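Notes for the one structure printed next.
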Amino acid sequence: QVQLVESGGAGVQPGESLILSCVASGISVGDNYMHWYRQAPGKQRELVATITRFSNKNLADSVRDRFSISRDSSRNTVYLQMNRLKPEDTAVYYCHTQRGETEYWGQGTQVTVSS
């Protein structure tokens with residue numbers, strides 16, 4: 001049974017930083033493509049960051065100079081470091097992976113950026 005559990009979301013002010021964690025079970029974060037998505041109110045879910053099994057990393061244009069993705073295989077955890085947060089980063093952030101045809105999502109963690 002694959003399970004993804006996100007944590008680290010919070011309410012912060014513009015310019016502050018947060019780090020989100022996604023703890024995986026039933027699947028190895030080092031052997032699979034792992035993604036962070038986000039969904040803002042009234043908007044479609046969008047891909048924010050990807051780390052491949054080969055450690056290649058991709059980030060959305062809107063966050064490329066502020067966010068980073070990493071993983072700790074010993075903890076089976078994927079991280080999203082978010083710096084210089086903006087109000088438009090407000091969203092529920094989801095961890096995602098796929099095994100074959102089956103997609104797995106975490107429950108999401110809320111990030112709110114507001115002054």
> Out of region 20-38, which residues are open to solvent by 20 Å² or more (accessible area, probe 1.4 Å) and more than 18 Å from residue 98 (Cβ to Cβ)?
Replying inline: 21
> Which residues, counting only those in region 1-17, are of a type in the set (D, E, K, R) and in contact with a strand residue (DSSP E or B) (Cβ under 7 Å, 6 or more places away or on another chain)?
Replying inline: 6
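So that you can scan it fast, the table gives a plain yes or no per residue for (1) at pLDDT 95 or above; (2) part of a strand (DSSP E or B):
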| residue | (1), (2) |
| --- | --- |
| 47 | yes, yes |
| 55 | no, no |
| 58 | yes, yes |
| 61 | yes, no |
| 64 | yes, no |
| 69 | yes, yes |
| 74 | yes, no |
| 79 | yes, yes |
| 84 | yes, no |
> Of the residues 26, 15, 100, 11, which is at pLDDT below 95 and more than 12 Å from the chain's Cα centre (by Cα)?
Replying inline: 100
> Among the residues of region 6-19, is there at least one that is farther than 12 Å from residue 95 by Cβ, open to solvent by less than 30 Å² (accessible area, probe 1.4 Å) and assigned to a loop (DSSP other than H, G, I, E, B)?
Replying inline: no
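The values are calculated or read from the model by the stated rules, or taken from the named source; none is laboratory data. All figures in this text were calculated on a predicted structure; none of them were measured in a lab. Because the Cβ atoms are built from the backbone with ideal geometry, glycine has one as well, and the counts that use them run over all protein chains shown. For accessibility, only protein heavy atoms count, side chains too; no ligands or nucleic acids. Shrake-Rupley method; radii C 1.70, N 1.55, O 1.52, S 1.80 Å.
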